[in-house]
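What follows is calculated from the coordinates using simple rules that are stated; it is not laboratory data. All figures in this text were calculated on a predicted structure; none of them were measured in a lab. FYI the Cβ positions are ideal-geometry reconstructions off the backbone, even for glycines, and counts take in every protein chain you see.
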Ligand code: GDP
Ligand code: MN
């Protein structure tokens, strides 16, 4: 789960990392009120989950009341990299002399978190890595010992960071590590971390990604998952512990097991269409989970046929069949639904489905894919 800048900064502040004074605004009016509280000049920042907002026009410096209406209207009515802007962070503008990048990210090849520092902040770190690799330094963090001060000093020294900043840099790095560790983050970035003549190091931007697999023990974020972070469909899927990824094709899939889901998507491609989604209902799925999965698939207007492929192991095919049968009366759309059941209680499951001629049954995965693709072509959208 990715957090918005304003959310990341709330955690920064809690951990003692200096951030500018700020407030959220949904309208130009609210923006003016926040600006009145914190004082001009302010920076208006589009709260969308995308980097490079500055270059895309999502960040504007505003000096007074007469500018703020048009500037906030402009950003609130715009899209940043295809995402409509719904909220602004109105933030006290900071004067700075230098921009750093500071971050912690999981390095998969090292199988450890790494601390990354760059003296060329304010630019995407991938770009710096390509154009000025000598301005980036990295060091692995031993997750059992935690981040040690000498690691931070080593990076600062190699990059020739002004000695006067080292102590603050150590404190901010330690705070970042605490957040990374305690919140099960896979990435935390401050870009830019600026040198302000008045306040020392200040975090002007914040980015955090929380490992979705840790959300069960990071209850705080369940509240946090507002509509702007997750689509309603993704929220619904998470509520039922369904592994759902929306794709661009037209055949909706419901499968138990990630490997089987991949194979199912391959078969759909081979039969001549594209999958509309990846959906793994997991092992031991109950009838209500199946019902939820089907309703999520049908919410995607691109879907013109559904392919349900169940290989019963822990999952019982009759339980899946019951779930499907229960949802049929309430379905909003009359789309072809193809079901292939195999494994535990497949015969019982098929018998249940025979009472519902709407559900087309297939014996093999490949034939199920072919029927779904053929039937989808009869559907007018
Ligand atoms: P991003 O483009 O999505 O990474 O958004 P950032 O929050 O990093 O903002 C982009 C750039 O705007 C920063 O790198 C800064 O150079 C500039 N910026 C952001 N906030 C301030 C501010 O308070 N004062 C000044 N002078 N510049 C700012
Ligand atoms: Mn940034």
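Note on the stretch 279-325: Rg/Rh from C-alpha atoms, Kirkwood Rh, equals 0.97.
In this label model, residue 266 and residue 355 are separated by 3.7 nm, measuring between points 7 Å along each Cα→Cβ vector. Please list, by residue number, everything in the stretch 11-42 whose backbone N is under 18 Å from a paramagnetic label point 7 Å out along Cα→Cβ of residue 64. Counting only backbone N, you get 32-33, 35-42.
Every pair of different Cα atoms in the stretch 231-376 enters the Kirkwood calculation, which places the hydrodynamic radius at 14.5 Å. For the chain, DSSP calls about 75 percent of its internal beta bridges antiparallel.
Rg over Rh for the chain works out to 1.08, using Cα positions for both radii and the Kirkwood form for Rh.
Applying 1/(1 + (r/R0)^6) with R0 = 35 Å to the Cβ-Cβ distance of residue 333 and residue 223 gives a FRET efficiency near 0.60. Extension gain for the segment residue 159 to residue 233, taken as residue separation times 0.36 nm less the Cα-Cα distance, is 22.1 nm to one decimal.
Axis angle, to the nearest 10 degrees, between helix 28-38 and the longest C-alpha principal axis of the chain: 40 degrees. Dimensions of the stretch 176-305 along the principal axes, based on C-alpha atoms and rounded to the nearest Å, stand at 64, 30, 25, largest first. Put in line by how crowded their Cβ is, counting other Cβ atoms within 10 Å and starting with the fewest, 196, 66, 376 read 66, 196, 376. If you line up the long axis of helix 166-182 against the longest principal axis of the chain, both from Cα atoms, how many degrees apart are they, to the nearest 10? Long axis of 166-182 versus the principal axis of the chain: about 20 degrees.
By other beta-carbon atoms within 10 Å, ranking 177, 166 with the fewest at the front produces 166, 177.
Take the Cα of residue 286, step 7 Å toward its Cβ, do the same at residue 144, and the gap between the two points is 4.0 nm.
In the stretch 98-214, one over the average inverse separation of all distinct C-alpha pairs is 14.2 Å, which is the Kirkwood hydrodynamic radius.
Between residue 274 and residue 81, the distance separating the two model label sites (each 7 Å from Cα on the Cα→Cβ line) works out to 2.0 nm. Out of every Cα pair in the stretch 303-381, what percent are spaced more than 17 Å from each other? Here the tail beyond 17 Å accounts for 43 percent of pairs.
Please state, as a whole number in µm²/s, the translational diffusion coefficient that the Stokes-Einstein equation yields for the stretch 21-92 at 20 °C and 1.002 mPa s, with Rh defined as the Kirkwood radius across alpha carbon pairs. In µm²/s, the coefficient is 185.
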